1. Considering 25, 103, 53, which residue is over 18 Å from the mean Cα position of the chain (by Cα) and crowded, with 17+ Cβ neighbours inside 10 Å?
2. If you check 218, 301, which single one turns out to be within 30 Å of residue 24 (Cα to Cα), modelled with pLDDT of 95 or more and not polar (S, T, N, Q)?
3. Looking only at helices (runs of 4 or more DSSP H) that fall completely inside the range 208-292, which ones have 3 or more residues that are in the same structural domain as residue 160 (by TED's automatic domain parsing) and under 18 Å from the mean Cα position of the chain (by Cα)?
4. Taking into account only those residues within the range 68-97 that are more than 16 Å from residue 33 (Cβ to Cβ) and touching a Lys or Arg at 6+ places or on another chain (Cβ under 8 Å), which is surrounded by the fewest Cβ atoms within 10 Å (Cβ to Cβ)?
5. Take residue 123 and tell me if it is in contact with a helix residue (DSSP H, G or I) (Cβ under 8 Å, 6 or more places away or on another chain), of a type outside the set (A, V, I, L, M, F, W, C) and within 21 Å of residue 37 (Cβ to Cβ).
6. Assigned to a helix (DSSP H, G or I), touching a residue at least 40 places away in the same chain (Cβ under 8 Å), closer than 18 Å to residue 114 by Cα and in contact with a helix residue (DSSP H, G or I) (Cβ under 8 Å, 6 or more places away or on another chain), is that true of residue 46?
7. Give the residue that is surrounded by the most Cβ atoms within 10 Å (Cβ to Cβ), with candidates limited to residues of the range 118-173 that are of a type in the set (A, V, I, L, M, F, W, C) and without any contact (Cβ under 8 Å) to a residue 12 or more places away in the chain.
8. Check residue 61 against each of (1) touching a residue at least 24 places away in the same chain (Cβ under 8 Å); (2) surrounded by fewer than 14 Cβ atoms within 10 Å (Cβ to Cβ); (3) on the phi > 0 side of the Ramachandran plot and name the one condition it does not meet.
Amino acid sequence: MKYVFGVDLGGTTVKIGLLDNYGNKQEVWEIPTRKGDGGSHILPDIAEAIRDKMKEKNIDDADVAGVGIGVPGAVDGNGNVMQAVNLGWGKFNIRDELHSLVKLPVKAGNDANVAALGECWKGGGKGYKDMLMVTLGTGVGGGIIVDGKILNGATGSGGEIGHIHLQDDEVEACGCGNHGCFEQYASATGAVRVAKRVLEASDADSKLRHMDFECKDIFDLAKEGDEVAVEATKKYGDYLGRGLAAVASTINPEIIVLGGGVSKCGEMLFDLLKPSYEKYVFPGCKDVKFALAELGNDAGIFGAAKMFID
């Protein structure tokens, strides 16, 4: 039996999965991400963890197809990490460096893109080859799958949909330094920003006025019929639909899969975004399917492994 290791490299922990060549999980475990000394310990720790697992399971090198890894930063098609600020990394070739340590074939990609590949293979996008994965969390992450493969882009920045420009008159800066980015309105923090602005413009009473609310509170209160929360979720849905329409009109996906904390709102999210999506999208892209992500924190290891499984 052939095996493959899928590695999801995060800022706090590294999640490592051992899978067979059919994509069945054999074991998943975590090790700390040691970011000291410019992140110089991270790859040796990963290599050691993999070699130790191979020894424990009596797995020979010849029985391992390779090691796939998702990295929180831009990674081009040749394995060059452009920068991973949270890890202390500058530009270097992670494919070559990890290969020299683990002595196995290595493939690498941006973590959001790799997670998208996982969802396309085993999750919400299963059965489709052209998929847009959108992660609605603290920011808005994206992964684009075309004909079953990750769209990396020239410098590994493909799929950075959170920084599509949506609003001209935005005075607050996005984390990227620009103003009016998609993620400033469609992320979990963006939903809070939108709700606060609705509150400021309204005289209506709302439970939101009496609490230090988070994204979940807005959607929960909207379900209860809170007037301001309802209006805030409608505006949120408008922003989300417009952003997705811009991406869909460019890549024409078969399916759009939504993940991240905001996606826990479930089907309500689709009802909110569809009016705006259908208004702004190119007509030929209106019939796209929408689905929720299914793999949760395992998406990264599945996607990393998939890079070695045809």
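The values are calculated or read from the model by the stated rules, or taken from the named source; none is laboratory data. Since this is a predicted model, take the numbers as computed values, not measurements. For neighbour counting, all protein chains shown are included, and Cβ atoms are generated from backbone atoms with ideal geometry for every residue, glycine included.
1. Criteria check complete, one pass: 53.
2. The match here is 301.
3. Those helices (runs of 4 or more DSSP H) span 227-251.
4. Here the residue is 78.
5. no
6. Against the criterion (assigned to a helix (DSSP H, G or I), touching a residue at least 40 places away in the same chain (Cβ under 8 Å), closer than 18 Å to residue 114 by Cα and in contact with a helix residue (DSSP H, G or I) (Cβ under 8 Å, 6 or more places away or on another chain)), residue 46 qualifies.
7. 173
8. Checking residue 61 against (1) touching a residue at least 24 places away in the same chain (Cβ under 8 Å); (2) surrounded by fewer than 14 Cβ atoms within 10 Å (Cβ to Cβ); (3) on the phi > 0 side of the Ramachandran plot, the one that fails is (3).
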